[in-house]
Amino acid sequence: MSAGNLKRLKRARPILNRDRRVELEPRDFILPYFIVEGEGVKEPIRSMPGVCRFSVDRLVEDVAEAWGLGVRSVLLFGIPGAKDGSASAAWRQDGVVQEAVGALKEEFADLTVITDVCLCAYTSHGHCGIVENRDSEVRIDTKATLPILAKIAVSHGRAGADLVAPSAMTDGQVGAIREALDREGLEEVGVLAYSAKYASNFYGPFRDALDSAPRFGDRRSYQLDFKDPDEAIEEIERDVDEGAEIVMVKPALAYLDIIYRAREKFDLPVAAYNVSGEYSLVKKLSGAKEAREEDLVREVLTAIKRAGADLIITYHAKEASRWLG
Ligand code: PBG
């Protein structure tokens, strides 16, 4: 731009100088929690420094701290005492997640409580659905899996969850859950769909936290191939048609293009999951003093919001809120 241009621009400053910068706020964040049975448990997770597994009583204490920092939403994962082939611990009304939801809603009426709806932490084989075979190329039995996912969602809704978040990547899961919730009079419970969930290498620390690594095969037959961008958009479209209130892209950092496309194409809120491996990378880099953690986290979370995410699921929610405050 020439000097002349700059001078003229000065006169237009009142209309041109609008602040387009992206600013993070604590209420952009959703904080995930891992819940175990028992009392008084606050157990660090080796692969995710700073993240713990909590029993319900200690969870309430930790959420009080998060609430004080401005975090307004949590996402709950359960680790059952016993696993089996049909994930039966997942829909018990006295299961860990159901109890946690009840305790949190009693203590924090305005907290948005979201529950993960999946089978992988509850099945002895660690897959997200009922499996048809035990080969490396795993096939999910959709007909057997959908009613179980629906039962889990209903039990979470009854416990008081505001949103249920199906992450199994079973075809038709959003529609099946929506129908079951409505049938049970739980019309006000929303669905946050893990629509575009890639078969990612960044989930490793999470599987350690949840003890949910598949015992055979992998998840590539039901999670998306990261070489294919269009499939993600089709998956999101399908979930929107099936009645999702919020759609999600996961992971976040290596998939900013998908977040951007989702934001451009759909009118619904878009959530992005800044997953365990992305979290642990930041921890490693800052632990090795190669970068300042606060600066890294600000840059990463800002990038995810700038790409178009309305909500960011992040294990850094408490720290980031503290830094912003
Ligand atoms: C599967 C599920 C996964 C995550 C959340 N739910 C991934 C997987 O094991 O395939 C990953 C979250 C993270 O890495 O932080 N139900």
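Couple of notes before you dig in:
- Once the chain from Asn133 to Glu299 is taken as fully extended at 0.36 nm per residue, the excess over their C-alpha distance is 55.4 nm.
- Of Lys42/Lys318; Lys42/Lys83; Lys83/Lys283; Lys105/Lys284, those spanning more than 28 Å from alpha-carbon to alpha-carbon: Lys83/Lys283; Lys105/Lys284
- Sequence-distant residues sharing a close amide H with Val41 (under 5 Å, placed H): Ser55, Arg58
- Per-residue HN-Hα couplings for the stretch 140-153 [Karplus 6.51, -1.76, 1.60; θ = phi - 60°; Hz; x = Gly/Pro]: 8, 7, 4, 4, 7, 7, 4, x, 6, 4, 5, 5, 4, 4
- Value at 222 nm in deg cm²/dmol, rounded to 500, when DSSP H runs of n ≥ 4 in the chain each add -39,500 (n - 2.57): -12500 deg cm²/dmol
- Linear extension gain, Ala291 paired with Asp208, 0.36 nm per residue minus alpha-carbon span: 27.3 nm
- For the chain, relative contact order (Cα pairs under 8 Å, six or more residues apart, normalised by length) works out to 18 percent.
- The Ser86 and Asp57 beta-carbon pair, evaluated with R₀ = 30 Å, returns a calculated FRET efficiency of approximately 0.55.
- Amide H contacts for Phe29 (H built 1.01 Å from N in the peptide plane; partners 5 or more residues away or on another chain; cut-off under 5 Å): Arg72, Ile312.
- Gain on full stretching of the segment that runs from Lys42 to Arg215 - 0.36 nm per residue minus C-alpha separation: 59.6 nm
- Using the Cβ-Cβ distance between Arg238 and Glu264 with R0 set to 22 Å, the FRET efficiency from 1/(1 + (r/R0)^6) comes to roughly 0.80.
- Note on Arg13 and Glu65: with the Förster distance fixed at 41 Å, the Cβ-Cβ geometry gives a FRET efficiency of about 0.45.
Bear in mind that the values in this text are calculations on the coordinates, not laboratory data. Computed from a predicted model, the values in this text were never measured in an experiment. With ideal geometry, Cβ positions are generated from the backbone for all residues, glycine too; neighbour counts draw on all protein chains shown.
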